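Below: the structure, in structure tokens.
The values are calculated or read from the model by the stated rules, or taken from the named source; none is laboratory data. Only a predicted model underlies this, so the values are computations on that prediction, with no experimental measurement involved. FYI the Cβ positions are ideal-geometry reconstructions off the backbone, even for glycines, and counts take in every protein chain you see. The protein model used for the area step is the full one, side chains on, heavy atoms only, and it has no ligands, DNA or RNA in it. Shrake-Rupley method; radii C 1.70, N 1.55, O 1.52, S 1.80 Å.
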Amino acid sequence: MKEYTVKKIVNNNVVLAFTKEEDEVILLGRGVGFGKQPNDVISEKQVDKLFERTTAKGYQNDKVEGKLAVVMGDIISKIEVKCGVTISKEAQSQLFDHLSFALWRVDQGILIFNPVMTETKLMYPDEYEMAKKVILYINDTFKVQLPKDEIGFVANHIHRAITKETNTVANSPQLIQELMTQIEKGLQIKLEKRTDQFRAVVLFLQQIIQRCQQTKNQTNDVILEKVLKENYPVCYNTTCLVAEHLHISLHQNVTPMMLSDLTLYLHHAFANRI
């Protein structure tokens, strides 16, 4: 069973401590700090939640991080109950780090733009709504105003935490954005993000990515390629750009059937614009 050495008592329920490897952590637990002194040992069984101080270490003082740890414990519990999952300590620490750093950035007047906000909202609508509540909770607790862009960042953290996804590239809004760029380039059009058409394309690309991951590679269909090239040359060439990008990103080939589906989809969706 793991043990932790007390560094500082924040309050009866929050303790700053060190692991055996001398990594700094924040421990949460009912009465975990009661009667403790620096250098005392706390057993793992006394700890309800643990957050590692890694990326954000040094950006926040102990009081702020202790307060954030309490808030995070509540946030994690609510997400676990709502989604019916147990969130790993690693995922908890990653979200904790992000929020700690976000609080530091807003204190320093440093704003970060989230270029894939729209894609994130479309891909993970449930996580996005949970993230909105998280940011509202943080703003209310710390009397700050985190920018709306943080909702997208937090939604991604929540999505990875509750799905336990390991291939973050395949399921990232960033990949969707890159594919949308290839479509705009190939069709020589500009897609407005706040439109039903944009939303429909994003959702269709999600399906293509999922199929890429689930389908074994197949040999090319020469006859099908010829038909697509001759009848829908612009859309076919655009689909090839998308397929090449998927191949580089996922190390998976787009099957002839997916190639056909995407080509025809682009033709029907944008026939009046190309």
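Checking each residue in region 221-237 for being of a type outside the set (A, V, I, L, M, F, W, C) and either closer than 21 Å to residue 172 by Cα or touching a Pro at 6+ places or on another chain (Cβ under 6 Å) (or both) picks out only 221.
Residues are listed down the side, and each one gets a yes or a no for (1) at pLDDT 85 or above; (2) open to solvent by 20 Å² or more (accessible area, probe 1.4 Å); (3) under 30 Å from residue 172 (Cα atoms):
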| site | (1), (2), (3) |
| --- | --- |
| 12 | no, yes, no |
| 17 | yes, no, no |
| 40 | yes, yes, no |
| 58 | no, yes, yes |
| 61 | no, yes, no |
| 72 | yes, no, yes |
| 76 | yes, no, yes |
| 86 | yes, yes, yes |
| 95 | yes, no, yes |
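Listed by first and then second residue, the pairs with beta-carbon distance under 8 Å, at least 6 apart or on different chains, first residue in region 179-197 and under 19 Å from residue 208 (Cβ atoms) and of a type outside the set (Phe, Trp, Tyr), second at pLDDT below 95 and surrounded by fewer than 10 Cβ atoms within 10 Å (Cβ to Cβ), are 184/190. If we keep just the residues of region 80-131 that are under 15 Å from the mean Cα position of the chain (by Cα) and free of Cβ contacts under 8 Å to residues at least 24 places away in the same chain, which is farthest from residue 195 (Cα to Cα)? So the residue we want is 90. Considering region 202-274, the qualifying helices (runs of 4 or more DSSP H), each wholly inside and each with 1 or more residues that are of a type outside the set (S, T, N, Q), under 25 Å from residue 192 (Cβ atoms) and open to solvent by 50 Å² or more (accessible area, probe 1.4 Å), run over 233-250, 256-270.
Answer with yes or no whether residue 36 is surrounded by fewer than 20 Cβ atoms within 10 Å (Cβ to Cβ), over 22 Å from residue 126 (Cα atoms) and either modelled with pLDDT of 85 or more or in contact with a strand residue (DSSP E or B) (Cβ under 9 Å, 6 or more places away or on another chain) (or both). It is true that residue 36 is surrounded by fewer than 20 Cβ atoms within 10 Å (Cβ to Cβ), over 22 Å from residue 126 (Cα atoms) and either modelled with pLDDT of 85 or more or in contact with a strand residue (DSSP E or B) (Cβ under 9 Å, 6 or more places away or on another chain) (or both). Residue 273: out of contact with any Pro (no Cβ under 9 Å at 6 or more places or on another chain), of a type in the set (Lys, Arg) and under 14 Å from residue 183 (Cβ atoms), yes or no? Answer is yes for this residue.
Considering only region 14-36, I want to know if a residue exists there that is assigned to a loop (DSSP other than H, G, I, E, B) and of a type in the set (A, V, I, L, M, F, W, C). Among the residues of region 14-36, at least one is assigned to a loop (DSSP other than H, G, I, E, B) and of a type in the set (A, V, I, L, M, F, W, C), which makes the answer yes.
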